[in-house]
1. Could you tell me which numbered condition residue 237 fails, if it satisfies all but one of (1) over 22 Å from residue 103 (Cα atoms); (2) without any contact (Cβ under 8 Å) to a residue 24 or more places away in the chain?
2. Do we have residue 74 as modelled with pLDDT of 80 or more, closer than 30 Å to residue 299 by Cβ and exposed (fewer than 10 other Cβ atoms within 10 Å of the Cβ) here?
3. For the range 213-291, give me every one of the helices (runs of 4 or more DSSP H) that falls completely inside it and has 3 or more residues that are assigned by TED's automatic domain parsing to the domain that holds residue 172 and under 30 Å from residue 314 (Cα atoms).
4. When residue 309 is evaluated against the numbered criteria (1) surrounded by 16 or more Cβ atoms within 10 Å (Cβ to Cβ); (2) closer than 23 Å to residue 60 by Cα; (3) free of Cβ contacts under 8 Å to residues at least 40 places away in the same chain, which criterion, by number, is the only one it fails?
5. Given 162, 177, which one is touching a residue at least 24 places away in the same chain (Cβ under 8 Å), farther than 26 Å from residue 124 by Cα and either under 26 Å from the mean Cα position of the chain (by Cα) or not in a helix (DSSP H, G or I) (or both)?
6. In the range 269-278, is there at least one residue being crowded, with 17+ Cβ neighbours inside 10 Å and more than 23 Å from the chain's Cα centre (by Cα)?
7. Report yes if residue 145 is under 26 Å from residue 181 (Cα atoms) and either surrounded by 11 or more Cβ atoms within 10 Å (Cβ to Cβ) or free of Cβ contacts under 8 Å to residues at least 12 places away in the same chain (or both), otherwise no.
8. So residue 265 fits all but one of (1) modelled with pLDDT under 95; (2) within 28 Å of residue 190 (Cα to Cα); (3) crowded, with 17+ Cβ neighbours inside 10 Å; what number is the exception?
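The values are calculated or read from the model by the stated rules, or taken from the named source; none is laboratory data. Not measured: the values here are computed from a predicted model. Counting neighbours? That spans all protein chains shown, and the Cβs are built from the backbone with ideal geometry, glycine included.
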């Protein structure tokens, strides 16, 4: 090898010599990788969406965080740091109302998580069945409630479960023990089409070869679903779960439509959204405060952020995704 290297002419220094037996082939050195230039024309498409998102989402969020650290004083505002948060969590009236709203929000989310998402998965599995006829009709019927106005949904369900006009003898919305769960089930009925469509989109993208191979190995329909299809659904299960969490921690419209800002009876259906509304704008004898309302909004943001971070670091990094 050393003799072969000494025999290379000076003008070919820097080339790579590959020898096989008595033969040698000189190849030029590999060119350094070219640095990809940033496509500046993409900014033309990104800038409008980024500007709208910044104006209507980022700026209000940052301004709420700033406002939560101020308090009214002599017609103006004075910086108080985290005093508003301490007052929110230690004051007898505010703290009890705040923790009641947080607990109700978690219950509201739990009903959606354990009722809406499993039923949505079941409906998606049924719709993805190869022997089902009229699939498009069923999809439309199940998804139509999602497109309805919350006011219409609340009004219809109040008539359906009314002891006077409806089919239920018990005032479900008038009892503290059943009001919140009843409202959550009304919301489940309206939005069950969203997880159904997400799960359905993944199920129909699973290659038929996988299910056919499972059937050849003797697996039944139930075993094929849990051992072949469900592992492929796990990333979507995580996405649906975190979307459900964010949506329900931001819930407001249905409860406000049906029960008003007081979220009765006796604040049994009060959630973070209605508690924020009363704190910021005031209601009846309660005086509103923009700074304390911003503090409640900041706590809502922190609770939502905690759930999203738990999803990213506790779920997404542990679930393996497959290319279908």
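1. The one condition residue 237 does not meet is (2).
2. Against the criterion (modelled with pLDDT of 80 or more, closer than 30 Å to residue 299 by Cβ and exposed (fewer than 10 other Cβ atoms within 10 Å of the Cβ)), residue 74 qualifies.
3. Result: 221-224, 230-249, 272-281.
4. (1)
5. Sole residue among the options that is touching a residue at least 24 places away in the same chain (Cβ under 8 Å), farther than 26 Å from residue 124 by Cα and either under 26 Å from the mean Cα position of the chain (by Cα) or not in a helix (DSSP H, G or I) (or both): 177.
6. Yes, some residue in the range 269-278 is crowded, with 17+ Cβ neighbours inside 10 Å and more than 23 Å from the chain's Cα centre (by Cα).
7. Answer is yes for this residue.
8. That leaves (3) as the condition not met.
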